[in-house]
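Below is one structure, written out as structure tokens, with a few remarks after it.
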Amino acid sequence: MGMNDMIQFFRTMSGKLGSNIYAGVQGQTNMQNISFIRQLQKEMKENNCLDTPLQELQVVVFDLETTGFYPEKGDRVISVGAIKMNGNQLSKTETFYSLVYSPQTISDEISTLTNITNEELSSAPMASEVLLEFFKFVKNQPLVAHHAKHEQSFMQKLTWDLLKTRFEHRIIDTSFLIRLSNPLIKSIPLEDACEQCGIEVINRHHALEDAKLTAKIWSHYLTLAQSKGYKNLREVYEYLAKIK
């Protein structure tokens, strides 16, 4: 069976994922990728992190570097960084980082800010490859991000454009736990959050390093939640819902 015949076969057999997935993952084993995505979605529905004891809570803290703030207007992801956590402990070995191929040049401003060059992006892995590798790294664990709406909007568009399926991972914003110390806080810059936690800011605007900074913030406030007697995220949610 040739590649075109194989693509047509999978289109016929799997209407849920739509046709664009086949363009996005050509060169890989399509059936395995489809099966992986379906199994992942099933596991995410079964993984209820709200009732997990905080000291056992496993999350993946991640960060995206992008060309702007508006994915629907053409802004793109140019790098992805992530680190795994178990309770308030950061993993020293379980990290993820990748640049993302860009068909268009990025501005000098973005290049200077992120220290990423157009030459690096021109030889980086395709977005479909990076997305699938990221999902394999995350598996069914919940995600944590600082200013999570930014990350969520890009992940939603990227997942739909490349896989024609919904992005269904739970993303928890760091402000969720930060509000335990100040219920009025909606969102603060990453640098300010680090300063409040006594965290040194280094290698800012590098996706993996920003993910590590975010993870340290999460660790700080997860420890605070435990010291206040909260046993799981559900208890935190219930408390914050009362003081809105």
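Bridge orientation summary for the chain: considering DSSP beta bridges with both residues in this region, about 75 percent are antiparallel. For segment 110-244, the fraction of 1.4 Å probe accessible surface lying on carbon and sulfur atoms is 50 percent.
How high is the relative contact order of the chain? Use alpha-carbon pairs under 8 Å, at least six apart in sequence, and give a whole percent. Reported relative contact order: 25 percent. Remark: C-alpha extents of the chain on the principal axes read 61, 44, 34 Å, sorted largest to smallest. A 1.4 Å probe run over the protein chains yields, for the chain, 53 Å² of accessible area per residue, whole-number rounding. The average projected area of segment 39-165, computed from the convex hull of its Cα atoms over all directions, is 8.5 nm².
Rolling a 1.4 Å probe over the protein chains gives F135 an accessible area of about 10 Å².
In this simple spin-label model, placing a label point 7 Å from the Cα along the Cα-to-Cβ direction at both Y70 and E109 gives a separation of 1.3 nm.
The values are calculated or read from the model by the stated rules, or taken from the named source; none is laboratory data. Predicted model only: the values in this text are computed from it and were never measured. Glycine gets a Cβ as well: all are built from the backbone with ideal geometry, and neighbour counts include every protein chain shown. Accessible surface areas use protein heavy atoms only, side chains included; no ligands, DNA or RNA. Shrake-Rupley method; radii C 1.70, N 1.55, O 1.52, S 1.80 Å.
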